[in-house]
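Contents: one structure, followed by commentary.
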């Protein structure tokens, strides 16, 4: 039966790789030669099938947590899976999909954190002042930073503008700055 399972996995009979992987998992759980540890090995088989069939997207979807949280349902659908493969597949696809969404959200959060702009302390303070007051003049900012040369302050404001954090309104000495 293991040889038949391997033949099924290696064939292209099923159009969708995830279905091949999940059916492979189900059949493996029914015919496995191990006394213990077959659940982890069977779930690892899902990732392996996706990998060898070229559908892993260079990321492993860890649905162990979902299965741990829905253990009774998991064992129920494994038990009836050979008689009701559609019910088993729906459960496992849901497990895979929810786990995939969790990975996606984690990746988005990581990207958003990495896109965070880090500013030198004075530029950050300038930005916060402009943000708080909405529109400020150069003179207003200079009064807040009397010890800083005007040239340095202008440079800091240019850097904030280059990062698209603020906008300079006007071109004369009466210019104002606002948050973009």
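Quick check on region 64-78. Is at least one of its residues in contact (Cβ under 8 Å) with a residue 40 or more places away in the chain and loosely packed, with under 13 Cβ neighbours inside 10 Å?
Initially, region 64-78 is screened for residues in contact (Cβ under 8 Å) with a residue 40 or more places away in the chain, giving 78.
Filter once more, so that each one left must be loosely packed, with under 13 Cβ neighbours inside 10 Å: none.
The answer is no; no qualifying residue exists.
Quick one: count up the residues across region 149-179 that are exposed (fewer than 10 other Cβ atoms within 10 Å of the Cβ), farther than 13 Å from residue 123 by Cβ and within 38 Å of the chain's Cα centre (by Cα). Show your work before the answer.
Applying the first criterion (exposed (fewer than 10 other Cβ atoms within 10 Å of the Cβ)) to region 149-179 yields 151, 162, 164, 171-173.
If we keep only those that are farther than 13 Å from residue 123 by Cβ as well, we get 151, 164, 171-173.
Adding the requirement that they be within 38 Å of the chain's Cα centre (by Cα) leaves 164.
Summing the residues that are exposed (fewer than 10 other Cβ atoms within 10 Å of the Cβ), farther than 13 Å from residue 123 by Cβ and within 38 Å of the chain's Cα centre (by Cα) in region 149-179 gives 1.
If residue 100 passes every condition in (1) surrounded by 15 or more Cβ atoms within 10 Å (Cβ to Cβ); (2) touching a helix residue (DSSP H, G or I) at 6+ places or on another chain (Cβ under 8 Å); (3) within 30 Å of residue 68 (Cβ to Cβ) but one, which one does it miss?
(2)
Would it be correct to say that residue 39 is exposed (fewer than 15 other Cβ atoms within 10 Å of the Cβ) and modelled with pLDDT under 90? Talk me through it step by step, then tell me what you get.
On the way: exposed (fewer than 15 other Cβ atoms within 10 Å of the Cβ): no; modelled with pLDDT under 90: yes.
For residue 39, the condition - exposed (fewer than 15 other Cβ atoms within 10 Å of the Cβ) and modelled with pLDDT under 90 - is not met.
Rundown of residues vs (1) closer than 16 Å to residue 167 by Cα; (2) surrounded by fewer than 16 Cβ atoms within 10 Å (Cβ to Cβ); (3) touching a residue at least 12 places away in the same chain (Cβ under 8 Å); (4) assigned by TED's automatic domain parsing to the domain that holds residue 60, yes/no style:
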| position | (1), (2), (3), (4) |
| --- | --- |
| 95 | no, no, yes, yes |
| 131 | yes, yes, yes, no |
| 135 | yes, yes, yes, no |
| 144 | no, yes, yes, no |
| 147 | no, yes, no, no |
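Filter region 131-180 down to the residues that are within 15 Å of residue 119 (Cα to Cα), in contact with a helix residue (DSSP H, G or I) (Cβ under 8 Å, 6 or more places away or on another chain) and in a helix (DSSP H, G or I) and list them by number.
Result: 153, 156, 157, 159, 160.
Does region 108-119 contain any residue that is in contact (Cβ under 8 Å) with a residue 12 or more places away in the chain, touching a helix residue (DSSP H, G or I) at 6+ places or on another chain (Cβ under 8 Å) and surrounded by 10 or more Cβ atoms within 10 Å (Cβ to Cβ)? Steps first, answer last, please.
Step one: filter region 108-119 for residues in contact (Cβ under 8 Å) with a residue 12 or more places away in the chain, giving 117, 119.
From what is left, the residues that are touching a helix residue (DSSP H, G or I) at 6+ places or on another chain (Cβ under 8 Å) are 119.
Still in the list and also surrounded by 10 or more Cβ atoms within 10 Å (Cβ to Cβ): 119.
Looking through region 108-119, at least one residue is in contact (Cβ under 8 Å) with a residue 12 or more places away in the chain, touching a helix residue (DSSP H, G or I) at 6+ places or on another chain (Cβ under 8 Å) and surrounded by 10 or more Cβ atoms within 10 Å (Cβ to Cβ).
Return the only residue of 81, 54 being surrounded by fewer than 12 Cβ atoms within 10 Å (Cβ to Cβ) and touching a residue at least 12 places away in the same chain (Cβ under 8 Å). Please lay out each step first, then the result.
Values: 81 fails: surrounded by fewer than 12 Cβ atoms within 10 Å (Cβ to Cβ).
The match here is 54.
The values are calculated or read from the model by the stated rules, or taken from the named source; none is laboratory data. Predicted, not measured: the structure shown is a model, and the values here were computed from it. Cβ: placed from backbone, ideal geometry, glycine included. Neighbour counts: every protein chain shown.
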